[in-house]
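Engineer: Take a look at the following structure, please.
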Amino acid sequence: MKIRVLVMLILTVVVCFGSWVFAQPADDIRELKLRDWEPRSMLKTKQSVVERPAYAVIDVHNHLGGGKDNLKPERVKHYLGEMDAAGVRTVVNLDGGWGPRLKETLSALDEAYPGRFLTFALLDFDGIDDENWGQREAKRLEESFQAGTKGLKFHKTLGLSYRYRSGELMPVDDPKLDPVWEMCAKHNRPVMIHSADPAAFFTPLDRFNERWHELNEHPNWLFHGERFPSHDEILMQRNRVIARHPKTTFICAHFANNPEDLVAVGRWLDIYPNMYVDVDARISELGRQPYTARKFFLKYQDRIMFGTDTAPNRDAYRMYYRFLETDDEYFDCASGHHRQGFWMIYGLFLPEDVLKKIYHKNAERIFFAQQTGREEPSSRVLRIRQTEDFTINGRGDASAWKKAAWEPLHLRVTDGHQYRTRVKMLYSQTGLYILMEAEDRTITATMKEDFLDLWNEDVFEFFLWPDERYPVYFEYEISPLGYELPRLAAMALRGRTQDAKGHYGRGRPEAVRCPHKGLESRGFCSVRPAQTLAKRSPAAWNAVAS
């Protein structure tokens with residue numbers, strides 16, 4: 001019995017000892033998983049933090065969600081706080097949807113904070129087998145535009161996911177969508193279109209795939225195989241749509257989803273004048289080819305827009321600013337979106353005039369053009385006809401007004417209603433005559449004295465600035481109750497004025513007469529008959545009409 005115990009003890013010790021001799025340490029570096037590899041660069045390079053951009057930003061590609069349950073006031077205020085901290089003027093929300101959800105989204109964003117958010121509509125792809133599906137969605141889209149949406153968004157699901165009952169994929173250039181593209185052209189609304197995905201997502205998931213880590217975490221992002229078209233085929237489908245609808249503006253998301261081949265993207269921009277690109281979620285691709293990317297940005301500076309594809313976050317925005325504005329080298333850009341490859345990027349240090357276009361000018365051109373159907377010139381001359389002096393009454397029915405044509409100002413769209421503002425002007429030997437007519441859903445006027453801060457409520461305003469070399473202008477305001485505020489530069493004139501008198505038509509047009517003598521007596525200017533006033537820019541007149 002004792003012998004047996006001894007043998008068993010010896011065998012146990014030998015087995016345990018053998019295991020101890022040949023086992024590898026638990027932390028053996030040779031067994032490190034690729035997904036756990038986080039190398040720290042030994043380079044000593046400049047590390048810039050760009051807290052605010054060189055110019056105000058319009059983020060043309062973002063997803064804030066939709067509907068009142070999602071866009072609660074505290075969430076929207078959080079977005080605004082991040083935008084303000086990062087110098088972002090406006091964010092385009094691509095999650096508008098359609099119907100009641102769209103109206104809730106517009107109410108929570110565009111209408112609650114005018115100018116800070118612009119919402120895009122979506123299509124309902126249920127029933128694509130129906131023969132009249134395209135016409136149905138075009139009509140629904142028109143209702144969305146009339147409700148106040150600023151464009152239409154297509155996800156990558158078009159061309160990769162939406163299928164007919166037969167199992168066949170609906171291609172991007174399906175003729176059923178032609179009424180939709182044409183409706184966008186009719187209302188001059190841009191299309192934000194996401195077609196395909198990074199090129200590596202269409203290649204086998206093997207040891208050669210440069211986006212291996214992402215595709216392992218998100219296997220549904222892999223589109224390699226017989227069930228899907230190739231990366232190039234989907235992009236060609238999109239390009240055929242752009243060519244077939246030259247009056248429709250297309251903003252091709254994610255740098256046309258081909259930042260890996262900037263030569264091809266440049267060729268497309270050369271061929272299709274109605275095509276634009278945005279930078280959202282692709283600085284990882286652009287930043288690893290900084291020489292080529294910088295040349296591209298300089299050449300196509302009028303066709304590139306700023307976007308992030310990341311809910312407003314000051315740190316994410318600052319990573320984009322660092323990429324666009326600095327010459328920093330070899331830095332990690334994952335905080336701008338998420339990790340997209342195991343490489344670092346380099347800054348493009350773009351010139352200020354290019355930054356201004358990318359940050360907001362190009363987007364303004366697109367979104368302003370949708371109001372008028374064309375791009376307005378930056379300056380033109382408004383010629384004013386002469387008249388004999390006449391009595392103004394606020395109704396605009398004096399025969400003298402027949403000499404002047406109405407000059408339209410900006411058209412505002414709110415709650416699906418279009419509100420117009422227009423103006424007529426005449427001059428005599430003694431003064432200027434201005435007739436203004438505007439529409440609004442509600443008029444607010446509670447102040448009952450002259451020289452109060454009338455601009456805090458509804459007012460009519462006009463401005464005279466004869467010489468832009470001098471920072472002095474004359475401003476006149478009149479409220480719906482007939483109270484006045486004439487101002488020279490930024491200082492209100494003291495005492496009740498006898499120089500500028502107007503009449504608010506109680507819901508009808510407002511007419512004002514501003515005598516030359518009153519302006520000359522204050523040393524403001526010397527007005528002569530037959531002088532013309534330059535219409536400075538649409539933006540300046542928009543301020544008058546607001």
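Engineer: If a residue must be among the aromatic types (Phe, Trp, Tyr) and touching a residue at least 40 places away in the same chain (Cβ under 8 Å), how many such residues does region 154-186 contain?
Structural biologist: Residues in region 154-186 being among the aromatic types (Phe, Trp, Tyr) and touching a residue at least 40 places away in the same chain (Cβ under 8 Å): 2 in total.
Engineer: Among the candidates Pro190, Pro229, Pro198, which residue alone is closer than 22 Å to Tyr164 by Cβ and touching a residue at least 40 places away in the same chain (Cβ under 8 Å)? Spell out how you get there, then give the answer.
Structural biologist: Numbers: Pro190 fails: closer than 22 Å to Tyr164 by Cβ; Pro198 fails: closer than 22 Å to Tyr164 by Cβ.
Checking each option against the conditions leaves just Pro229.
Engineer: Restricting attention to region 71-87, and to residues there that are under 12 Å from Tyr317 (Cα atoms) and not charged (D, E, K, R), which single residue is surrounded by the fewest Cβ atoms within 10 Å (Cβ to Cβ)?
Structural biologist: It comes out as Ala85.
So that you can scan it fast, the table gives a plain yes or no per residue for (1) over 19 Å from Ala54 (Cα atoms); (2) modelled with pLDDT under 95; (3) of a type in the set (Phe, Trp, Tyr); (4) not in a helix (DSSP H, G or I):
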{"site": "Gly307", "(1), (2), (3), (4)": "no, no, no, yes"}
{"site": "Pro312", "(1), (2), (3), (4)": "no, no, no, yes"}
{"site": "Tyr317", "(1), (2), (3), (4)": "no, no, yes, no"}
{"site": "Phe342", "(1), (2), (3), (4)": "yes, yes, yes, yes"}
{"site": "Gly347", "(1), (2), (3), (4)": "no, no, no, yes"}
{"site": "Lys357", "(1), (2), (3), (4)": "no, no, no, no"}
{"site": "Ser378", "(1), (2), (3), (4)": "yes, yes, no, yes"}
{"site": "Val381", "(1), (2), (3), (4)": "yes, yes, no, yes"}
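Engineer: Please enumerate the residues belonging to region 319-340 that are part of a helix (DSSP H, G or I) and either of a type in the set (D, E, K, R) or out of contact with any Gly (no Cβ under 9 Å at 6 or more places or on another chain) (or both).
Structural biologist: Those that are part of a helix (DSSP H, G or I) and either of a type in the set (D, E, K, R) or out of contact with any Gly (no Cβ under 9 Å at 6 or more places or on another chain) (or both): Arg322, Glu325, Ala334, Ser335, Gly336.
Engineer: Still on this model: Going by the conditions given, is Phe145 touching a His at 6+ places or on another chain (Cβ under 7 Å) and either modelled with pLDDT of 95 or more or more than 28 Å from Val57 (Cα to Cα) (or both)?
Structural biologist: Judged against the criteria, Phe145 is a match.
Engineer: In addition: Got a number for residues in region 319-340 being farther than 28 Å from Val76 by Cβ, modelled with pLDDT of 95 or more and hydrophobic (A, V, I, L, M, F, W, C)?
Structural biologist: 0
Engineer: Please specify each residue of region 166-184 satisfying the condition of being part of a loop (DSSP other than H, G, I, E, B), closer than 12 Å to Val241 by Cα and either acidic (Asp, Glu) or more than 28 Å from the chain's Cα centre (by Cα) (or both). Spell out the reasoning first.
Structural biologist: Restricting attention to region 166-184, the residues satisfying the condition of being part of a loop (DSSP other than H, G, I, E, B) are 166-168, 170-174.
Those left that are additionally closer than 12 Å to Val241 by Cα: 171-174.
Of everything in region 166-184, those that are part of a loop (DSSP other than H, G, I, E, B), closer than 12 Å to Val241 by Cα and either acidic (Asp, Glu) or more than 28 Å from the chain's Cα centre (by Cα) (or both) turn out to be Asp173, Asp174.
Yes/no matrix, rows are residues, columns are (1) within 22 Å of Thr310 (Cβ to Cβ); (2) buried (at least 20 other Cβ atoms within 10 Å of the Cβ):
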position	(1), (2)
Arg238	no, yes
Lys247	no, no
Cys252	yes, yes
Asn257	yes, yes
Glu260	yes, no
Ala264	no, no
Arg267	no, no
Ile271	no, no
Met275	no, yes
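Engineer: Now a separate question. Take the conditions surrounded by 21 or more Cβ atoms within 10 Å (Cβ to Cβ), modelled with pLDDT of 95 or more and hydroxyl-bearing (Ser, Thr, Tyr) and apply them to Thr105. Does it pass?
Structural biologist: yes
Engineer: Now for a different question. Quick check on my filter: what residues within region 428-449 are in contact with a strand residue (DSSP E or B) (Cβ under 6 Å, 6 or more places away or on another chain) and closer than 20 Å to Leu464 by Cα? Let's see the steps before the verdict.
Structural biologist: Initial filter on region 428-449 (in contact with a strand residue (DSSP E or B) (Cβ under 6 Å, 6 or more places away or on another chain)): 430-440.
Within region 428-449, Thr430, Gly431, Leu432, Tyr433, Ile434, Leu435, Met436, Glu437, Ala438 meet the criteria.
This table checks each residue for (1) closer than 22 Å to His360 by Cα; (2) not in a strand (DSSP E or B).
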site: Glu51; (1), (2): yes, yes
site: Ala54; (1), (2): yes, yes
site: His61; (1), (2): yes, no
site: Gly66; (1), (2): no, yes
site: Asn70; (1), (2): no, yes
site: Glu74; (1), (2): no, yes
site: Leu80; (1), (2): yes, yes
site: Met83; (1), (2): yes, yes
site: Arg89; (1), (2): yes, no
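Engineer: When you scan region 151-184, how many residues do you find that are closer than 28 Å to Leu106 by Cα and either touching a Pro at 6+ places or on another chain (Cβ under 8 Å) or hydrophobic (A, V, I, L, M, F, W, C) (or both)?
Structural biologist: Qualifying residue count, region 151-184: 10.
Engineer: Another question, then. Of the residues in region 242-301, how many are touching a Pro at 6+ places or on another chain (Cβ under 8 Å), in a helix (DSSP H, G or I) and of a type in the set (D, E, K, R)?
Structural biologist: Of the residues in that region, 1 qualify.
Engineer: Going through region 185-207 one residue at a time, which ones are surrounded by fewer than 20 Cβ atoms within 10 Å (Cβ to Cβ), under 25 Å from the mean Cα position of the chain (by Cα) and among the aliphatic types (A, V, I, L, M)?
Structural biologist: Across region 185-207, the qualifying residue is only Ala185.
Engineer: Select, from Arg211, Arg240, the only residue that is farther than 18 Å from Asp270 by Cβ and among the charged types (D, E, K, R). Steps first, please.
Structural biologist: Numbers: Arg240 fails: farther than 18 Å from Asp270 by Cβ.
It is Arg211.
Engineer: Please give the strands (runs of 3 or more DSSP E) falling wholly within region 406-447 in which 3 or more residues are at pLDDT 80 or above.
Structural biologist: Hits in region 406-447: 421-427, 431-438.
Engineer: Please give the number of the condition Ile234 fails out of (1) crowded, with 23+ Cβ neighbours inside 10 Å; (2) more than 23 Å from the chain's Cα centre (by Cα); (3) not in a helix (DSSP H, G or I).
Structural biologist: Result: Ile234 passes all but (3).
Engineer: Would you confirm, using the coordinates I've provided, whether Gly115 is of a type in the set (Gly, Ala, Ser), outside any helix (DSSP H, G or I) and modelled with pLDDT of 95 or more?
Structural biologist: No.
Engineer: Moving on to the next point. Residues of region 136-161 being assigned to a loop (DSSP other than H, G, I, E, B) and surrounded by 18 or more Cβ atoms within 10 Å (Cβ to Cβ), which ones?
Structural biologist: Filtering region 136-161 down to residues assigned to a loop (DSSP other than H, G, I, E, B) leaves 148-151, 155-161.
Scanning region 136-161 gives Gly148, Thr149, Lys150, Gly151, His155, Lys156, Leu158, Gly159, Leu160.
The values are calculated or read from the model by the stated rules, or taken from the named source; none is laboratory data. None of these values were measured; they are calculated from a predicted model. Cβ coordinates were reconstructed from backbone atoms using ideal geometry, including for glycine residues, and neighbour counts include every protein chain displayed.
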